[in-house]
Amino acid sequence: MKVVFNKAALLGIVIAAACSNRAPSAPAPAPPPIISVSARDDRFVVREHMLAAVEMQLSGEPFATAMGRQLTHYSRDWLPPDIYFDDSASSDGPVVDPAGFSSAVESYEYSKQPMNNLAFESGAGVSLVYGPLLNPTGDPDAGCSALRQWVQRLGAAAYSPNHPYFSTAASAANPLGWPGIWPTLEPFTSFDPTIPVTDSVSESCSITSDDDPGATGALMSDDYECDATALHLSDRATQLESAISPGSSGWAGWKSALWIMNYLQVMHDVDELALTQVNASDLVKVGMTGNRVLATSDPNAAEGTYLGSSDIEGFQAGMMINALDNEAQDWLFSRTTTDGSSLGGFADLKSALAYDDASPLRWFPGKVGVHEADQTCSVAPGVTATFPKPTAFSVVDGGSHLIDLAGLLGTYASLYALTDTANAQVGGSQPVLVYFDGDPFPVQNQVADGSSTLHDRALAMLRVALVDLHRMHVDPASGVPVDDVSMTGGSPVRGTTLQSTTAAYALLALRTARRTLTDQLTLYLNTKPDTACAATPLDVPAAVKGQTVTELLNGDINALADLFFGKLTDATGRAWPGWDVSKRAVTSDDDLLDAHTAAVRGLLLAYLSTGDTKYRERALAVFERVESTFWDPRARIYRPTANDGSSTVTYTPMRFALVQAMLRDTYELVAAVDGRTSLASLILERVARVNKLVLNGWDDRNGDGKVDYPRECAFQPIEHASDPGGGVSRGGLQMAERTLSGETGSVTDLFDAGPRVAAKDREHDCVPEISAAHLPSALADSITFQIESEP
């Protein structure tokens, strides 16, 4: 909601600094160090990026809500940014709120846009044209025709043709229905993300916020928001690592699944009003072209009810469901291995659902190379398109990796919840049921009988991943899984070590799987301990050594919980980087930030999984040690090693994700629950600083909550030969941004606000607009900050 206040008054907002009485002779405090960026690796590494994006979504709107913020009180297009329009009875009016804004708007949207880049825009993956369910024969013309039919079918069901940039007529510029859309089956593992995007507004493109679709004036946007053509990789063939992996597919899929669940919380009418309920007899009509279904959940609803939270999001959700369903089919039947060198698959879905330790060992290899050939196909009579065709797949890494299996478990646990009608909040809700009532997706019969449905494919993926986790990764003596299984002499050989970071995300995945199989999974993981797990739909037949899937899940979760408490941390809050099952000892005595943040994440997951408060108490001890040992009070940054005095600090997507998760979970599960106001205030200070410095590259040196642009931007402007004098700040770990986080590309935000003036960093928040950066709204693979004293 756009809240109108006097902008001149807002420009005068300051944060008052508390002062204390000092003797006149007291020395002035040393000025804070200057933080700049000395290096950044811009490569898009999918597995690590999407893992961070999962955490960033959880640290987005849901975290801001936990802070007590009203999401409608933020305006992403308002200048200056970071304003919270507080209208509570105790408020004096708008305030600068970096912690809330960086969570509710920036972290949330920064997590979403790279997902869209992978799924629909960049072309950095195997094309959905060759999805095995969409195109069983692999014929390019059949696949292109089928893909266009799906785009049109899902677009109509979500009312997307209501938008001027969605076309029902095929053309060379718009062969599928949405200009430039490049639907992806499986993302490649990494790529150079450079894109040729420009700041053109020739198409008069405008979009509305995903939080209040259709409710406010449309924002003026650059053409790429309505036509994804300019978001394709500049030179695709040279920019790609042409390989897929279960880790890249898994973590990108988990990220997509979270947004699908988000988009399917509601339906919408022709005016994009959010709706939750229609008469049961009208369910089958929802999404039909020209339907006159009138929702019962809102007296203001208009006739005509359609799929998803908005015209475009309802369409995107359907496209992502379709892609992930095809992906499951591809991995199960074409991309497994029995020897670490050749590829094959299960004979049928029933075999996958019955996979156990008596079956021949079959697993998802760590990396599969993809060879492609240029391919033009017929989309419609007289209209062609080009989607490269995969011509060969080969095993590059025949081993198995626990972090990859965690991603697959998270993806298909989340998707299974969509098909599970016993889950009243997800699969049993009307906004989800209308997707699975036969149009556009088949009815899910709720029985794991090998039917060609997402329900059964999701269960099969869960079954195979869980059984392989035990057969390949779990050390039989300790019950602890290890990170990696490698191929030696043609046979898989189990490693001996487990990193604390991997342990935390394995525990997250296992808890997610257990919750979904017991009808408890909701959109965002809850803040109350789970109920007991007694049975799951995968318990027959038994899985490994006579144990059921329920017994395996309970045992694995307990083993990891005990590992974090008894081996990877102690009562002082000290945490260790990993565990060696062969030596029964920690992997090293290194005192590392990542080990501590992973321990907080793992211990609080252990508390939620078991209800035992000892894990919560230990997590607080570890958090307190992080504060005393890793926080640099002068530079105001968490350092990677204990008491580190070096002049550089490097952050990766994983490191940032773990810090974010530690702060969020400690706030929600300790500070907020116990009423620890001082701890809550400290955490919000850290959230604001970490998000703004590491993500945006803004070093708020004077602490006034406003960007002194460009002086306080850590990654200073550079000039390009094509644009002399036109340098622009370059963000932080976040390389660029788009409209939904406030960067419209123009100084004015509405078409009727006068002549258009292009802006490279409209809000002066240190993160450039994507056409200035020629990079997507996405994370770099690493960033190194230089910390120097004031000259």
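The values are calculated or read from the model by the stated rules, or taken from the named source; none is laboratory data. Worth saying up front: this structure is predicted, and the values here are computed from it rather than measured. We place every Cβ from the backbone using ideal geometry, glycine too, and count neighbours over all the protein chains shown. These accessible areas exclude ligands, DNA and RNA; they are computed on the full protein's heavy atoms, side chains included. Shrake-Rupley method; radii C 1.70, N 1.55, O 1.52, S 1.80 Å.
Cβ neighbours within 10 Å, averaged per peptide: list 349-356, 229-236 in order, most packed at the top.
Values: 349-356: 20.0, 229-236: 17.6.
Packing order, densest peptide first, comes out as 349-356, 229-236.
Remark: the Ala477-Ala302 segment gains 56.7 nm on full extension, using 0.36 nm per residue and subtracting the alpha carbon distance.
What is the percent carbon and sulfur in the accessible area of the chain, measuring with a 1.4 Å probe over the protein chains and ignoring ligands?
Details: 14460 of 27650 Å².
In the chain, the share of accessible area belonging to carbon and sulfur is 52 percent.
Couplings 3J(HN,Hα) of segment 59-70, computed from phi: 8, x, 4, x, 6, 4, 5, 5, 6, x, 7, 8 Hz, in residue order, whole Hz [Karplus 6.51 cos²θ - 1.76 cosθ + 1.60, θ = phi - 60°; x for Gly and Pro]. Ordered by 1.4 Å accessible area with all protein chains kept, Tyr224, Tyr524 run largest first as Tyr524, Tyr224.
Of the residues Gly366, Ala99, Pro476, the one whose Cα sits farthest towards the positive end of the charge dipole of the chain is Pro476 (charges of +1 on Lys and Arg Cβ, -1 on Asp and Glu Cβ, taken about the Cα centre).
Rounded to the nearest 20 Debye, what is the dipole magnitude of segment 561-653 about its Cα centre when Lys and Arg each give +1 and Asp and Glu each give -1 at the C-beta?
Numbers: 12 positive and 13 negative charges, 25 e Å.
For segment 561-653, the charge dipole is close to 120 debye.
Surface listing: Thr337, Thr650 arranged by accessible area from highest to lowest gives Thr650, Thr337, probe 1.4 Å. In this structure the amide hydrogen of Val270, modeled in the peptide plane, comes within under 5 Å of the amide hydrogens of Ala302, none closer than 5 places in sequence on its chain.
FRET efficiency for the pair Asp644 and Gln265, taken as 1/(1 + (r/R0)^6) with r the Cβ-Cβ distance and R0 = 60 Å, rounds to 0.90.
Since only Pro161, Leu658, Ala619 are under comparison, the one whose Cα sits farthest along the positive direction of the charge dipole of the chain, derived from C-beta charges on Lys, Arg, Asp and Glu, is Ala619.
If packing is taken as the average number of other Cβ atoms within 10 Å across a peptide's residues, how do 73-80, 442-449, 658-665 rank, most packed first? Working shown, then result.
Numbers: 73-80: 20.6, 442-449: 15.1, 658-665: 26.6.
Highest mean packing first, the order is 658-665, 73-80, 442-449.
At 0.36 nm per residue, minus the direct Cα-Cα distance, what do Asn162 and Val443 gain on full extension? Give it in nm, one decimal, please.
On the way: separation 281, 0.36 × 281 = 101.16 nm, distance 2.72 nm.
Gain on extension, Asn162 to Val443, equals 98.4 nm.
Seen from Asn445, the other residues with C-beta closer than 15 Å to its C-beta sum to a net charge of -2, counting Lys and Arg as +1 and Asp and Glu as -1.
Count the net charge of all other residues whose Cβ sits under 13 Å from the Cβ of Leu353, scoring Lys and Arg as +1 and Asp and Glu as -1.
Working: positive: Lys350, Arg457, Arg463; negative: Asp348, Asp356, Asp449, Asp456, Asp539.
Net charge in that neighbourhood comes out at -2.
Note that the chain presents 35 Å² accessible area per residue, ligands and nucleic acids not counted, probe 1.4 Å.
Please list Tyr505, Tyr607 in order of solvent-accessible area, largest first, computed with a 1.4 Å probe with all protein chains present. Intermediate values should be presented prior to the final figure.
Working: Tyr505 0, Tyr607 35 Å².
Correct descending sequence by accessible area is Tyr607, Tyr505.
From most to least packed by mean Cβ count within 10 Å, the peptides 685-693, 554-562 give 685-693, 554-562.
When the helix-only estimate is applied to the chain (DSSP H runs of n ≥ 4, each -39,500 (n - 2.57), divided by the residue count), what is the mean residue ellipticity at 222 nm, nearest 500 deg cm²/dmol?
Values: 20 runs with 245 residues, N = 791.
Only helices count here, giving -9500 deg cm²/dmol.
Report which label in [x] 53; [y] 35; [z] 40 holds the value of percent of Cα pairs over 39 Å apart derived from the coordinates of this structure. Of the labelled values, this structure produces [y]. Taking the Cα centre of the chain as reference, the dipole from Cβ charges on Lys and Arg (+1) and Asp and Glu (-1) amounts to some 1480 debye. Ligands, DNA and RNA excluded, the heavy atoms of Thr641 present near 50 Å² of accessible surface to a 1.4 Å solvent probe.
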